[in-house]
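The values are calculated or read from the model by the stated rules, or taken from the named source; none is laboratory data. Note that the structure is a prediction, hence the values are computed from the model and not measured. Cβ placement follows ideal geometry from the backbone for every residue including glycine, while neighbour counts extend to all protein chains displayed.
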Amino acid sequence: MPRLSLFKPEKGNDYAFIDRNISEMFQIGGTDAYIHKYISPNDQGSSEDATQPQRSGDGLNELAIQDMLFLENRDRKYDPDVYHTRVIYNVSDIDFDLSQFGLFLQNDQLFMTFHIKDIIEALGRKIMSGDVIELPHLKDDHSLDETDTETLKRYYVVEDVSRASEGYSRTWWPHLYRVRVKGITDAQEFRDILGDKDENTDQKTRDKELEINDAIVTQAETDAPLSGYNTQQFHVMPTDEEGKVALVTVDDADLLTSTGHINVDKVYANPQSNGYIEGYLTGDGIHANGETVTFGTSFPNSPIEGMFFLRTDYAPNRLFRFDGRRFVKIEDNVRMTMTQNNTRSTEKTSFINNSNATTLKDGSSTTSERVALSKLLKPQADN
């Protein structure tokens with residue numbers, strides 16, 4: 001008499017019987033699922049760089065990688081045919097996390113269960129990351145947009161596939177796939193499914209999100225136009241070498257009124273520093289108490305003691321005060337807009353946003369000053 005064993009090295013009649021019953025359970029208790037099959041990255045054309053992956057021709061398939069640096073496929077090609085199968089999953093409520101800035105879903109991921117044999121017979125291969133699942137029972141037929149005559153469909157992209165632990169039968173053979181999916185967005189990867197930007201297709205939220213983002217930036221610039229702290233409303237009492245209040249009167253023998261720099265109606269001298277208003281991110285290139293400030297790319301030839309001069313050739317701009325012998329640094333204009341644009345007069349901004357082009361002396365060629373490291377440092381192919 002042979003030894004009794006539920007496990008057999010081959011998938012025999014016991015496995016087939018259990019698999020048919022599980023498939024029937026999906027047909028009876030499951031819901032329809034439409035699979036948009038991922039084929040490959042779009043044809044990017046041939047490349048002479050041997051270190052880059054195959055981006056055209058017969059080498060394109062679902063295993064090809066478009067961008068080897070970020071390990072992602074941004075331009076995806078999907079099968080125009082839609083494949084039908086059955087799926088079982090737990091429906092969960094969609095709640096937004098309002099404790100964070102922005103709109104974040106607390107449970108934007110779902111776990112779906114597919115029958116292995118059914119999904120392979122439908123797709124011709126196992127389900128994989130990049131495939132898009134459409135659930136028809138989640139369609140919204142009642143849109144708030146009166147101009148939208150189509151139903152709002154719900155799509156999910158597959159992120160991970162594994163064998164479900166509950167899908168192993170008594171014969172120790174697996175019958176189910178456990179698939180982790182996430183709702184798709186109006187992104188570049190899903191143009192084949194959602195359509196081009198100019199078409200009236202579903203989930204065209206990108207333009208609206210950009211509009212919302214621009215409105216947030218505009219409001220932020222209104223509430224906080226510059227970084228740091230505004231100190232222009234504070235008054236700094238000037239002092240002399242003994243720490244006493246520095247007064248200016250017409251009785252002073254060294255008071256020069258012919259220069260136009262000093263007002264004879266002044267009571268106090270101009271402060272030699274910003275005093276107590278100096279701090280982190282308080283420099284704005286404007287001296288305390290509203291003193292007159294001249295500016296330029298070089299110091300004046302005949303400076304006057306006590307005058308302020310803003311050097312605009314410094315990045316950031318630097319404010320100086322002439323004490324009779326030398327120009328003393330007062331502060332740097334470090335307060336600037338928080339928006340990432342070319343108005344931020346810093347060395348870092350001019351380096352990152354450098355759009356200049358340099359022409360060689362002989363005029364033979366012109367090259368861009370900003371070049372990606374991936375184009376400069378190319379590894380040699382190891383064949």
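Among the residues of region 278-289, is any modelled with pLDDT under 70, assigned by TED's automatic domain parsing to the domain that holds N333 and on the phi > 0 side of the Ramachandran plot? No; the residues of region 278-289 include none that is modelled with pLDDT under 70, assigned by TED's automatic domain parsing to the domain that holds N333 and on the phi > 0 side of the Ramachandran plot. When T147, T171, T185 are screened for being out of contact with any Pro (no Cβ under 8 Å at 6 or more places or on another chain), of a type outside the set (D, E), in a loop (DSSP other than H, G, I, E, B) and buried (at least 17 other Cβ atoms within 10 Å of the Cβ), only T171 passes. E331 satisfies every condition listed in (1) assigned to a strand (DSSP E or B); (2) in contact with a Pro (Cβ under 8 Å, 6 or more places away or on another chain); (3) not hydrophobic (A, V, I, L, M, F, W, C) except (2). Just one of (1) part of a strand (DSSP E or B); (2) at pLDDT below 85; (3) in the same structural domain as V293 (by TED's automatic domain parsing) fails for T367. It is (3).
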